[in-house]
1. Considering only the range 148-171, state which residues are farther than 14 Å from GLU72 by Cα, small (Gly, Ala, Ser) and not in a helix (DSSP H, G or I).
2. In the range 9-48, what residues are assigned to a helix (DSSP H, G or I) and of a type in the set (Gly, Ala, Ser)?
3. Which residues, counting only those in the range 8-24, are free of Cβ contacts under 8 Å to residues at least 40 places away in the same chain and within 21 Å of the chain's Cα centre (by Cα)?
4. Here are some residues: ARG15, ARG40, ARG44, ARG24. Which one is modelled with pLDDT under 95 and surrounded by fewer than 18 Cβ atoms within 10 Å (Cβ to Cβ)?
5. Counting only residues that are among the hydrophobic types (A, V, I, L, M, F, W, C), without any contact (Cβ under 8 Å) to a residue 40 or more places away in the chain and buried (at least 18 other Cβ atoms within 10 Å of the Cβ), how many does the range 121-142 have?
6. Hey, any hits in the range 59-82 for a residue that's modelled with pLDDT of 95 or more, among the polar types (S, T, N, Q), under 27 Å from ASP166 (Cβ atoms) and within 12 Å of the chain's Cα centre (by Cα)?
7. Could you check how many residues of the range 61-85 are surrounded by 20 or more Cβ atoms within 10 Å (Cβ to Cβ), farther than 30 Å from LEU12 by Cβ and among the basic types (Lys, Arg)?
8. From GLU98, GLU145, which residue is buried (at least 16 other Cβ atoms within 10 Å of the Cβ), in a helix (DSSP H, G or I), in contact with a helix residue (DSSP H, G or I) (Cβ under 8 Å, 6 or more places away or on another chain) and of a type outside the set (Ser, Thr, Tyr)?
Amino acid sequence: MARIDYSDPAKLDERTSGIVAKNRNANIFRMMAHSPDYLRQYCRLGAAIRFRGELDPILRELAITRTGILCEAPYEVVAHKRIGKGVGVTDEQNAALESWKSATCFSDVQRAALAFTDEIVTLRKPADATLQAIAAKLTPGALIELQLSVGFYIMTSKFLETFGVDMQAPEETV
């Protein structure tokens, strides 16, 4: 149950209402609409992460979903397992993300990205060996995008959990 009320759609300005509607009135956007300027900027960066750049979308979604798991944000996990499936993450990979280290369904670059993700989320910074392992497999641009994706979804996961944003049916989540 949400810890504060969702924004009142009747009180939203036209631009903010449009952003919420464009995002299928998902609860995260309804909550974030309390701060229209932040919502707009959040959506701009989120769109860059999800739709632009050179980072492989499968790698991105594996990292984002793993971030949600580590941050204990089920809303995020459900949403990005669905999104990941849409870009090529297999059902086996989605199922294995809880305990990926023992799974055999991940490539070497995916394993390096997941190790990097785990350390970004759980440590102050990734170990040098972990950073070097993923840096050897990605361009500098893709590496930057991977780190910023994980960081953005740490923030998103913490937002969801701070405000107790309610789960929606999988087809409704973003």
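1. If the condition is that a residue be farther than 14 Å from GLU72 by Cα, small (Gly, Ala, Ser) and not in a helix (DSSP H, G or I), then ALA169 is the only one that fits.
2. Passing the criteria: ALA10, SER17, GLY18, ALA21, GLY46, ALA47, ALA48.
3. Hits for the range 8-24 are ILE19, VAL20, ALA21, LYS22.
4. ARG24
5. Residues that pass the stated criteria total 3.
6. yes
7. Result for the range 61-85: 1.
8. Among GLU98, GLU145, only GLU145 is buried (at least 16 other Cβ atoms within 10 Å of the Cβ), in a helix (DSSP H, G or I), in contact with a helix residue (DSSP H, G or I) (Cβ under 8 Å, 6 or more places away or on another chain) and of a type outside the set (Ser, Thr, Tyr).
The values are calculated or read from the model by the stated rules, or taken from the named source; none is laboratory data. Note that the structure is predicted; figures quoted are calculated from it, not measured. Heads up, the Cβs are rebuilt from the backbone with ideal geometry, glycines too, and the neighbour counts pull from every protein chain shown.
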